[in-house]
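Below is one structure, written out as structure tokens, with a few remarks after it.
Any read-out appearing in this document is the output of simple, stated calculations on the displayed coordinates, not a laboratory observation. This structure is a prediction, so every number in the text was calculated from the model and none was measured. Cβ coordinates were reconstructed from backbone atoms using ideal geometry, including for glycine residues, and neighbour counts include every protein chain displayed.
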Amino acid sequence: MPLVHISMRHGKSDAYRKAIIGNIHRAMHETFDVPEDNGFMTLTEHDATNFRFSASYLGIARTEDVVFIQITANDTRTAEQKKALFQRIAQLLSEHPGLRPEDVFVNLIEVRKENWSLGNGLAQYA
Amino acid sequence: MPLVHISMRHGKSDAYRKAIIGNIHRAMHETFDVPEDNGFMTLTEHDATNFRFSASYLGIARTEDVVFIQITANDTRTAEQKKALFQRIAQLLSEHPGLRPEDVFVNLIEVRKENWSLGNGLAQYA
Amino acid sequence: MPLVHISMRHGKSDAYRKAIIGNIHRAMHETFDVPEDNGFMTLTEHDATNFRFSASYLGIARTEDVVFIQITANDTRTAEQKKALFQRIAQLLSEHPGLRPEDVFVNLIEVRKENWSLGNGLAQYA
């Protein structure tokens, strides 16, 4: 854990998507106590029909570059840690690959420690 | 928020999938206090091997048109609101694009308000 | 319910992916009180850029065959049932299609019974 699912529009390069994945991981490492070598993520690309976003909700001007980041993690972080994670993800993605901070959408799903098996059929965190 | 992931079989038209996305959003707006301009959704299409459903569980006759709708939202709704949402989604999708109500499968994941960043690295609901 | 999302790299045969889906369902049936005819699952295949995993986290040697299994289910199971589920999934997948137990990654998201509609716009478990 965490397990991260990223959704975005089609059409970006491998380097661009690698930067997104790498920097989300770096932000989790820096703010969420996630070990350096603990990274499990998928990225799914969508055409326009299969990807809907609001271009203005809450007064935030989003573009087709918007990225949805859904992170499932243990329910052990404080509200302050969550704020730090969101801020750091937006900051790092704005540096590389150059996403506008308005286009960084993050959702966190929290589960119990006993809800993970990271291999070998064992519940390593239970 | 909410963030909605829709899964279905390949082979439907753009108009059909747009109707699904639009009517799920309308149902959330009408029953779940979701603002008109707050819609964040992805849709993923699968071939037969990568999409399994039960054709009879609970005595409900499902077909290959079945759609899985997974909605992540704040944990602020009552059980009555959830029932209203499920009913309204099935009703609107049966009108357009014409899904059988038996083929509408919905799951709701609830999270805390502090678990969202809708842009700019901030936790807007915290 | 449950609703299962499986993520893995591209390149495996239909038979291989069918074995994964079928054996995850069998493990849920045997350990999680899931009826035989209650199976709702999607599988998404990714290229290397869109799929990141740790090859060593917690001392577990994973390969490109690693499979992420995310199960959303009712919050009615004990920690012991969860352990039994993880163990049985790894065991059955190692038998068929022959996954290394190190390559079986499972995460469980728990929700309330009232959070499901399995068709017809009704909340069948509420």
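Remarks
- Ascending distances from the C:Ala126 label point to its copies in the other chains, with the point 7 Å along the Cα-to-beta-carbon line: 3.2, 3.2 nm.
- Cut-off under 5 Å, modelled amide H: who pairs with A:Arg9 long-range: A:His46
- Scattering profile of the protein assembly as shown at q = 0.06, 0.08, 0.09, 0.10 Å⁻¹ [log10 I(q)/I(0), Debye over alpha-carbon scatterers]: -0.20, -0.36, -0.47, -0.59
- Computed 3J(HN,Hα) for segment B:109-125, one whole-Hz value per residue from the Karplus formula 6.51 cos²θ - 1.76 cosθ + 1.60 where θ = phi - 60°, is 10, 10, 9, 6, 4, 6, 8, 10, 10, 9, x, 6, x, 9, 9, 4, 9, glycine and proline marked x.
- Inter-copy spacing of B:Glu95 label points, which lie 7 Å from Cα along Cα→Cβ, given in nm from shortest upward: 5.0, 5.0
- 0 to 90° range, to nearest 10: angle between helix A:14-31 axis and chain A longest Cα axis: 50
- Using just its DSSP H runs of length 4 or more, each adding -39500 (n - 2.57), chain C gives a mean residue ellipticity at 222 nm of -9500 deg cm²/dmol after division by all residues.
- Neighbouring Cβ atoms from other chains, within 10 Å of the Cβ of residues in B:82-94, number 4 on average.
- Antiparallel bridges, percent of DSSP beta bridges restricted to chain C (to nearest 5): 25
- For peptide B:54-64, the mean count of partner chain Cβ atoms within 10 Å of a residue's Cβ comes to 4.
- Added length on full extension, which subtracts the Cα-Cα distance from 0.36 nm per residue, B:Ala126 to B:Lys113: 4.1 nm
- Rounded Å value of the spacing that divides the Cα centres of segment B:12-72 and segment A:50-126: 23
- Placing a label point 7 Å from the Cα of A:Leu58 along the Cα-to-Cβ direction, the residues of segment B:31-48 whose backbone N falls under 15 Å of that point are B:34-41.
- Within the shell defined by Cβ-Cβ distances under 11 Å, the residues around B:Ile71 carry a net charge of +1, with Lys and Arg each +1 and Asp and Glu each -1.
- The ranking of C:Ser56, A:Ser94 by Cβ neighbour count inside 10 Å, starting from the fewest, reads C:Ser56, A:Ser94.
- Those residues of segment A:45-60 whose amide nitrogen sits under 18 Å from the label point placed on B:Asp33, 7 Å along Cα→Cβ: A:58
- Folded to 0 to 90 degrees: helix A:79-95 orientation relative to chain A principal axis, Cα: 50
- Other copies of A:Leu58: label-to-label distances in nm, shortest first, labels 7 Å along the beta-carbon direction: 3.2, 3.2
- Placed amide H near C:Gln124: partners under 5 Å, 5+ positions off or other chain: C:Leu118
- Ranked list, fewest to most other Cβ atoms within 10 Å of each Cβ, for C:Glu95, B:Glu110: C:Glu95, B:Glu110
- Amide H to amide H distances under 5 Å link C:Asn74 with C:Val111, where only residues 5 or more positions off or on other chains count and H is placed in the peptide plane.
- Kirkwood-based shape ratio for chain A, expressed as Rg/Rh from alpha carbons: 0.98
- Summing +1 for each Lys or Arg and -1 for each Asp or Glu among the other residues whose beta-carbon sits under 12 angstrom from that of A:Tyr16 gives +1.
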